[in-house]
Amino acid sequence: MSDLVLEVRDLRTRFQLQGRGVEVVRGVDLSVAPAEVLGLIGESGSGKTVTGLSILRLLPGNAEVSSAVMRFKGRELQDLDEDAFQPLRGLSLAMIFQNPVGAFNPAKRVAWHLREIARRRHGSEQGWQAGARDALSAVGIPHPERVLRLYPHQLSGGMAQRILIAMVLALEPDLVIADEPTTNLDNIVERQIVALFRRLRDRLNAAFIFITHDMQIAAALCDRIAVMYAGQIVEVGPTRAVFDAPRHPYTQGLTATSLALKQRVKRLTEIPGELPSLMSPPPGCPFAPRCAKVMARCREEAPPMFGTAPHLARCFLAEPA
Amino acid sequence: MSRTALYIAGRLAGAAATILVGALLVFVVMKAAPGDPALSVLGENARPEAVAAFRHKYHLDEPLVGQFLYWLGGLLRGDFGRSLTIAGGIPISELVAARLPITAFVGLYAIAIAVAVSLTMGTIAALYRGRAADTVATSVAVLGISMPDFWLSYVLVFAFALGWRLFPAYGFTSPVDSVSAALYSGFLPAVAIAAPMAAVFARMLRTSLLEAAAKEYVVVARSFGFTPRFVFRNYIFRNALIPYVTVIGLQVRYLLGGVVVIERIFGIQGLGSLAVDAAFARDYPTVQACTVIFLGVVLTVNVVVDLACAALDPRRSL
């Protein structure tokens with residue numbers, strides 16, 4: 001197990017809102033092997049993004065993050081203070097964000113961004129231009145020279161996301177957390193970016209946590225899938241197993257809507273009901289109020305993870321007889 | 001580059017129109033005000049022939065439209081005319097040439113102080129948001145905004161000139177004679193002018209720094225592993241600078257109002273006190289000249305600020 005890139009146990013993130021603590025991530029376990037793509041899927045508000053930001057410690061001051069284990073390439077990260085953790089960002093753990101246009105410094109040209117990335121990676125800006133051209137070409141930007149001279153507000157969403165991906169990859173991180181990198185893009189560009197990730201996946205050594213609410217993208221890109229619901233992982237397993245033989249009723253609902261819509265674009269919100277309020281989480285299984293197969297004990301007792309590795313589900317139905 | 005040239009040409013045309021309207025307004029207001037420059041120079045008991053001769057000499061006996069056009073014609077040739085009363089017969093351009101450097105010095109001095117103080121206070125307030133340093137800086141800023149500049153002037157004189165005797169209470173050495181003496185004798189007036197401006201600038205900077213710090217690009221910059229110092233300087237501060245510079249440009253017009261009052265209080269022989277003296281003595285052309293110069297300064301500063309903002313903010317085009 002020590003050859004994992006990232007191992008997280010019992011990750012918990014609380015926000016202080018008007019004097020009340022709200023736990024948004026409620027005991028998440030994750031592990032990512034080298035060059036593996038782990039899909040983190042679930043509907044909006046399930047805690048996927050906060051999980052990513054918690055790992056990189058990028059949350060605002062009103063967030064408290066704790067974990068039992070936070071191990072990166074065998075190194076324990078929990079005890080590092082901010083000064084010791086900051087150098088790991090970018091070079092070891094990196095993130096690709098949802099809103100690519102807002103991710104750039106609006107006062108600086110694309111060239112400035114890539115030069116600073118080169119300086120961050122190599123400690124000097126020497127030869128950054130050649131590196132920048134290559135990095136932009138690798139993400140499918142046709143005229144890198146011209147694009148380098150542009151300001152962020154002159155970029156389209158798709159181009160901005162490609163450049164951002166190029167910047168992150170130029171840092172050569174061991175783990176990239178991609179947080180719905182295609183959500184804000186239109187369908188055609190979204191497909192192009194997914195294709196780009198697919199190409200990069202095979203070429204790079206980086207491991208990915210790919211956060212998405214799009215089942216089709218998850219199925220196309222990921223080696224393993226972790227399904228998140230109400231701040232918890234409710235099912236985890238190899239992509240095939242999770243999609244072909246889902247064990248948690250929530251995942252079954254997701255794949256059913258997915259099947260019903262065949263290969264068309266579908267979102268996850270087609271399961272009736274809503275996420276429970278985390279201000280006062282229900283005592284039993286958080287999915288019980290929406291679950292078609294709910295049993296009496298589900299409303300009183302929170303189920304643990306059942307099953308045999310690598311395929312686990314947080315549901316009493318998956319409990320061995 | 002041609003776009004910048006076009007922009008400047010357009011602004012110059014607008015500035016000329018503004019100055020024309022401003023000059024006309026001041027001309028009308030001065031004529032409408034009671035008082036007579038001839039009597040102001042020759043005395044209440046002057047002989048009617050002397051008064052008539054004075055009026056004829058300075059074209060005061062001609063119709064108002066003719067007077068205005070006569071003055072405007074001189075202005076276009078760069079000639080402000082001659083002073084009527086306060087410095088009888090002396091070309092106003094000479095008066096202005098002697099006074100302008102003094103006012104410009106005090107004004108720039110005040111802006112420099114305001115910028116230095118507000119950069120420090122605004123940055124500290126933003127960095128220590130909600131903590132003691134922020135509360136102190138923000139409270140001082142509110143105080144600075146609420147204090148009338150003339151009142152602050154007397155407080156400064158009372159404390160630092162009469163009390164501790166650190167600075168002179170009255171009088172000012174021209175920077176033409178000695179820059180160091182001008183810096184010394186101009187300190188209290190510059191502070192009096194700077195205080196309310198510094199307060200406005202500091203609040204603006206604090207707000208824009210906090211706004212920029214909350215932007216998504218800051219989180220992204222941190223995710224690259226850029227150091228906090230780098231992120232602050234190149235992302236937060238750099239982007240907060242745009243609204244900050246805009247506010248500085250807007251405040252310059254209030255600065256000129258402050259200069260007039262403060263020059264009187266500290267006995268500075270600048271353009272402000274020239275304008276006030278000339279107004280009291282019904283020295284129409286001198287008042288008009290000062291007005292035109294003040295207008296010119298405001299319009300020039302506006303153009304400079306617009307150019308600076310365009311240079312700072314690639315999203316803004318001229």
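The values are calculated or read from the model by the stated rules, or taken from the named source; none is laboratory data. Not measured: the values here are computed from a predicted model. As a convention, Cβ positions derive from the backbone with ideal geometry for all residues, glycine included, and neighbour counts pool all protein chains shown. Side chains included, ligands, DNA and RNA excluded: accessible areas come from the protein's heavy atoms. Shrake-Rupley method; radii C 1.70, N 1.55, O 1.52, S 1.80 Å.
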Exercise. Counting residues that are closer than 30 Å to A:Leu93 by Cα and at pLDDT 90 or above, which strands (runs of 3 or more DSSP E) fully inside segment A:208-321 reach at least 3?
Worked result: A:224-229, A:232-238, A:311-313
Seminar exercise, completed: If you go through A:Val168, A:Val189, the only one that is within 12 Å of chain B (Cβ to nearest Cβ) and among the β-branched types (Val, Ile, Thr) is A:Val168
Problem set entry | Boolean, A:Gln86 is farther than 30 Å from B:Arg316 by Cβ, polar (S, T, N, Q) and open to solvent by 60 Å² or more (accessible area, probe 1.4 Å) | no
For this session: Output the residue which, of all residues in segment A:148-159 that are more than 14 Å from A:Gly102 (Cα to Cα) and in contact with a helix residue (DSSP H, G or I) (Cβ under 6 Å, 6 or more places away or on another chain), is nearest to the other protein chains (Cβ to nearest Cβ).
Result: A:Leu150
Exercise. What are the pairs, 6+ residues apart or on separate chains, where a residue within segment B:294-318 that is more than 14 Å from chain A (Cβ to nearest Cβ) and in contact (Cβ under 8 Å) with a residue 40 or more places away in the chain has its Cβ under 8 Å from a residue that is surrounded by fewer than 17 Cβ atoms within 10 Å (Cβ to Cβ) and outside any helix (DSSP H, G or I)?
Worked result: B:Asp306/B:Leu318; B:Leu307/B:Leu318
Exercise. What number goes with the only condition from (1) more than 12 Å from chain B (Cβ to nearest Cβ); (2) out of contact with any strand residue (DSSP E or B) (no Cβ under 7 Å at 6 or more places or on another chain) that A:Gln78 does not pass?
Worked result: (2)
Exercise. Among helices (runs of 4 or more DSSP H) lying entirely in segment B:187-274, which contain 2 or more residues that are buried (at least 24 other Cβ atoms within 10 Å of the Cβ) and under 15 Å from the mean Cα position of the chain (by Cα)?
Worked result: B:187-213, B:238-266
Problem set entry | Selection within segment B:80-128 - closer than 21 Å to B:Tyr254 by Cβ and in contact with a Ser or Thr (Cβ under 7 Å, 6 or more places away or on another chain) | B:Ile102
For this session: Name, by its number, the condition in (1) farther than 26 Å from B:Ala198 by Cβ; (2) modelled with pLDDT of 90 or more that does not hold for B:Val292.
Result: (2)
Exercise. Any residue in segment B:165-172 that is touching a Pro at 6+ places or on another chain (Cβ under 9 Å), away from chain A (no Cβ under 14 Å) and of a type in the set (Phe, Trp, Tyr)?
Worked result: yes
Problem set entry | A:Ile177 under 14 Å from the mean Cα position of the chain (by Cα), within 27 Å of A:Arg119 (Cβ to Cβ) and not in a loop (DSSP other than H, G, I, E, B) | yes
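A quick yes/no check of all residues on (1) out of contact with any Phe, Trp or Tyr (no Cβ under 9 Å at 6 or more places or on another chain); (2) closer than 14 Å to B:Leu95 by Cβ:
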{"residue": "B:Ile262", "(1), (2)": "no, no"}
{"residue": "B:Gly270", "(1), (2)": "no, yes"}
{"residue": "B:Ala275", "(1), (2)": "no, yes"}
{"residue": "B:Pro285", "(1), (2)": "no, yes"}
{"residue": "B:Ala289", "(1), (2)": "no, yes"}
{"residue": "B:Phe294", "(1), (2)": "yes, no"}
{"residue": "B:Thr300", "(1), (2)": "yes, no"}
For this session: Mind listing just one residue for me: the one in segment A:108-139 that is within 14 Å of chain B (Cβ to nearest Cβ) and not in a helix (DSSP H, G or I) and, of those, nearest to A:Ala195 (Cα to Cα)?
Result: A:Arg109
Problem set entry | Filter result for A:Leu114 (crowded, with 18+ Cβ neighbours inside 10 Å and under 14 Å from A:Ser54 (Cα atoms)) | no
Problem set entry | Positions within segment B:104-142 being farther than 17 Å from B:Val200 by Cβ, open to solvent by 40 Å² or more (accessible area, probe 1.4 Å) and β-branched (Val, Ile, Thr), in sequence order | B:Thr135, B:Val136
For this session: Identify all residues within segment A:95-107 that are more than 7 Å from chain B (Cβ to nearest Cβ), in a loop (DSSP other than H, G, I, E, B) and crowded, with 19+ Cβ neighbours inside 10 Å; write none if there are none.
Result: A:Pro100
Problem set entry | Residue list for segment B:156-176, restricted to those being of a type in the set (Phe, Trp, Tyr), surrounded by fewer than 17 Cβ atoms within 10 Å (Cβ to Cβ) and under 23 Å from the mean Cα position of the chain (by Cα) | B:Tyr170
Exercise. Which condition number in (1) within 14 Å of chain B (Cβ to nearest Cβ); (2) at pLDDT 90 or above; (3) farther than 17 Å from A:Gly52 by Cα is the one that A:Arg162 fails?
Worked result: (1)
Exercise. Has segment B:124-137 got at least one residue that is part of a helix (DSSP H, G or I) and touching a Leu at 6+ places or on another chain (Cβ under 6 Å)?
Worked result: yes
Exercise. Of all residues in segment A:136-155 being open to solvent by 50 Å² or more (accessible area, probe 1.4 Å) and without any contact (Cβ under 8 Å) to a residue 24 or more places away in the chain, which is nearest to A:Ala207 (Cα to Cα)?
Worked result: A:Ser137
Exercise. Would it be correct to say that A:Val25 is within 14 Å of chain B (Cβ to nearest Cβ) and within 20 Å of the chain's Cα centre (by Cα)?
Worked result: no
Exercise. Do any helices (runs of 4 or more DSSP H) lying entirely in segment B:1-92 carry at least 1 residues that are open to solvent by 80 Å² or more (accessible area, probe 1.4 Å), more than 30 Å from B:Pro314 (Cα to Cα) and free of Cβ contacts under 8 Å to residues at least 24 places away in the same chain, and which ones are they?
Worked result: B:2-32, B:48-57, B:64-76
Problem set entry | Counted residues, segment B:106-160 - those being among the polar types (S, T, N, Q) and within 22 Å of B:Gly272 (Cα to Cα) | 1
Problem set entry | Single condition A:Gly39 does not satisfy, out of (1) in contact with a strand residue (DSSP E or B) (Cβ under 6 Å, 6 or more places away or on another chain); (2) more than 28 Å from A:Pro249 (Cα to Cα); (3) not hydroxyl-bearing (Ser, Thr, Tyr) | (2)
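Rundown of residues vs (1) farther than 30 Å from A:Ser92 by Cβ; (2) more than 9 Å from chain A (Cβ to nearest Cβ); (3) among the acidic types (Asp, Glu), yes/no style:
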| site | (1), (2), (3) |
| --- | --- |
| B:Pro196 | yes, yes, no |
| B:Arg203 | yes, yes, no |
| B:Leu209 | no, yes, no |
| B:Phe226 | no, no, no |
| B:Arg233 | no, yes, no |
| B:Arg238 | no, no, no |
